[in-house]
1. Do we find that VAL97 is touching a Gly at 6+ places or on another chain (Cβ under 9 Å) and not assigned by TED's automatic domain parsing to the domain that holds GLN230 in this structure?
2. Just to be sure, is LEU53 over 16 Å from the mean Cα position of the chain (by Cα) and closer than 18 Å to VAL107 by Cβ?
3. Any chance region 106-116 includes a residue that's outside any helix (DSSP H, G or I), modelled with pLDDT under 60 and of a type outside the set (S, T, N, Q)?
4. Could you give every pair whose Cβ atoms fall below 6 Å, whose first residue belongs to region 182-205 and is over 21 Å from LEU228 (Cβ atoms), and whose second residue is assigned to a loop (DSSP other than H, G, I, E, B), counting only separations of at least 6 or pairs across chains?
5. Are there any pairs, at least 6 apart or on different chains, whose C-beta atoms fall under 9 Å, with the first in region 38-66 and under 18 Å from LEU138 (Cα atoms) and the second among the polar types (S, T, N, Q) and crowded, with 20+ Cβ neighbours inside 10 Å, and if so, which?
6. For residues in region 74-118 being among the hydroxyl-bearing types (Ser, Thr, Tyr) and within 23 Å of the chain's Cα centre (by Cα), which is surrounded by the most Cβ atoms within 10 Å (Cβ to Cβ)?
7. Only one of ASN26, ASN45 is under 23 Å from VAL107 (Cα atoms), more than 15 Å from the chain's Cα centre (by Cα), among the polar types (S, T, N, Q) and in a loop (DSSP other than H, G, I, E, B); which?
Amino acid sequence: MERRKLSESFNSAIEGFIFVLKSQRNMRLHFIIAGLVLLAGIYLNLEKSELLLLTTAISFVLITEMFNTAMELVIDLITDTFHPLARIIKDITAGCVLIAAINSVVVGYLVFAKFFFTPGSSANLIRLKQTPWHITFLALLLVLFLVILTKAFFGKGKPLRGGMPSGHSAIAFSVWTIVALNTTNKLLIILVFFLAFLVAQSRIRTKIHTIWEVILGAILGILVTVLLFQIFG
């Protein structure tokens with residue numbers, strides 16, 4: 001019972017995030033830029049402290065954008081007539097987003113400047129470390145990113161339950177593809193594929209997803225992972 005309640009809590013939280021993502025153009029822009037910046041940070045093999053600074057700055061922007069949207073909805077809910085204070089409140093919350101965005105730009109500049117404005121920066125770009133750990137994390141992050149965007153686009157089901165495509169299937173087959181591309185152990189590849197198949201099959205058996213949602217999720221996970229290993233591997 002507690003597990004179901006926890007799942008519902010996560011669903012509600014993600015649904016709130018997706019609502020802002022679907023309804024606010026600025027949020028979509030922030031989300032896309034955030035994804036690209038994180039991918040670039042992983043690709044450039046940033047230090048853990050630098051990645052922490054980036055994720056903190058990105059989270060700050062997204063949180064303030066969600067706060068701004070929530071305040072606008074509250075104001076629209078409690079009043080249907082123009083009021084100077086309502087406009088001021090909206091301006092203040094928009095100012096919070098602006099400060100967060102400026103901060104993120106400064107952080108991004110300080111973190112990435114060394115790759116472009118230091119001696120030997122061209123050589124740094126060419127000799128980037130491309131370890132399997134980075135590619136694996138990059139693949140899973142991008143698969144999750146695309147699943148969220150696709151669910152937001154179709155607007156069906158809940159973030160963790162139902163909808164197009166199946167996120168469980170996408171992640172499961174992405175993991176299988178990662179294993180298949182990094183080992184020659186056929187038994188391990190077969191076992192992981194069997195586990196991914198069970199995950200996908202369970203989504204159909206419990207009627208959480210249709211067979212096409214599961215198939216497209218699997219295809220998404222496999223194609224994105226293979227593409228990244230082709231580019232960075």
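1. Working: touching a Gly at 6+ places or on another chain (Cβ under 9 Å): no; not assigned by TED's automatic domain parsing to the domain that holds GLN230: yes.
No: the conditions fail for VAL97.
2. Yes.
3. Scanning region 106-116 turns up no residue that is outside any helix (DSSP H, G or I), modelled with pLDDT under 60 and of a type outside the set (S, T, N, Q).
4. ARG203/SER166; ARG203/HIS209
5. What qualifies is LEU54/SER104; ILE58/SER104.
6. SER104
7. Answer to the check: ASN45.
The values are calculated or read from the model by the stated rules, or taken from the named source; none is laboratory data. Because the structure is predicted, anything quoted here is derived from the model rather than measured. Virtual Cβ from ideal backbone geometry, glycine too; neighbours counted across all protein chains shown.
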